[in-house]
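Values in this text are rule-based calculations from the coordinates and carry no lab data. All of these numbers come straight from a predicted model, not from anything done at the bench. Neighbour counts are summed over all protein chains in view; Cβ atoms, including those assigned to glycine, are modelled from backbone coordinates with ideal geometry.
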Amino acid sequence: MQAGALGLLVVGDGAFAPSLAAALLLGAGTAMVYPTLIAAVSDASQPRDRARVVGVYRFWRDFGFVGIGADATSTQTAILIVAVLTGVSGLLVAATSWRPRRAFRARLRP
């Protein structure tokens, strides 16, 4: 959803209707993915390391590579690159068979 919204933003070329649709789709996609990513990062770390691991994740998430990319190329190119990266990462996650680690499964049993 996020990749499609970003692609629509680029294709819309600043027109109001596509920009509004892209903003709505991007907001909905972000609302779905961010809590899931934070939970995944938290689940994959030990409790004593959790704050540091989540902090590192948030640093890279908020680093601003889009701004750096826009400075190096153009705003549209930077948004398109992020759309491609987002789409590819979503497809990789969808194609991956996720199984809980053995220690995690043992903690789930009553």
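Data for the structure
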{"item": "Of all residues in region 48-87 being of a type in the set (Phe, Trp, Tyr) and either surrounded by 11 or more Cβ atoms within 10 Å (Cβ to Cβ) or in contact (Cβ under 8 Å) with a residue 12 or more places away in the chain (or both), the one that is nearest to Ala5 (Cα to Cα)", "result": "Phe65"}
{"item": "Count of residues meeting criterion [surrounded by 13 or more Cβ atoms within 10 Å (Cβ to Cβ), small (Gly, Ala, Ser) and in a helix (DSSP H, G or I)] in region 28-47", "result": "4"}
{"item": "Filtered residues of region 1-20 (kept if part of a helix (DSSP H, G or I) and surrounded by 15 or more Cβ atoms within 10 Å (Cβ to Cβ))", "result": "Gln2, Ala3, Gly4, Ala5, Leu6, Gly7, Leu8, Leu9, Val10, Gly12, Pro18"}
